[in-house]
Every structure is written in structure tokens, then in C-alpha cells.
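The values are calculated or read from the model by the stated rules, or taken from the named source; none is laboratory data. Here the structure is a predicted model, which is why all the values come from computation and not from measurement. With ligands, DNA and RNA removed, areas are computed over all heavy atoms of the protein, side chains included. Shrake-Rupley method; radii C 1.70, N 1.55, O 1.52, S 1.80 Å.
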Amino acid sequence: MKYIGLDVHKSQSTICILDKNGKKIRTQTIRGSWQRVLEEIKKIHAPFSVCFEASIGYGYCKRRTVPG
């Protein structure tokens, strides 16, 4: 299991990936739209859990990452 933390903003976002023990695997800053953030997340092998603060990008990202 991996854990993905997101700091989502309109034009630049950061992804931090932790392993099951909380050790940082990778941090990546992405410039561009939220769609680019989602494209990067799709490259990460499952299983993983995502956490990000409920802010301006919350609704957009949730609708595109959670089935149903």
C-alpha cells in the first residue's frame, strides 16, 4: 500500500508518495492543470490511498478519481 498526499492548486500542485511505513518514495511538483495531476496519479501502481485538503480543487479531483 502506498499513500499519496496532494497539495492541489490552480496552476501548480505537488504529489508526495509514501510507502506503507511512511517513508517518502517521491515528491513531484506538477505545473499545469488538475488534469495533469490526475494523469500523474494514474501512473502510480495500486494499491494506494489519496489524501488532499478539501479546497478549491476538491470537487474537480474527487469526481475524477472516485468511481460512482
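Figures for the structure shown
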item	result
Accessible surface ranking that places the most exposed of THR14, THR29 first, with a 1.4 angstrom probe	THR29, THR14
Table column - 3J(HN,Hα) (Hz), the stretch 22-38, Karplus curve with 6.51, -1.76, 1.60, x for Gly and Pro	x, 7, 5, 8, 6, 10, 9, 9, 10, 9, x, 6, 5, 4, 5, 4, 4
Under 5 Å, built H, 5+ apart or other chain: amide partners of ILE30	SER13, THR14, ILE15
Rg followed by Dmax, in Å, when the stretch 1-56 is reduced to its Cα trace	10.9, 31
Built amide H within the under 5 Å cut-off of PHE48, gap 5+	LYS2
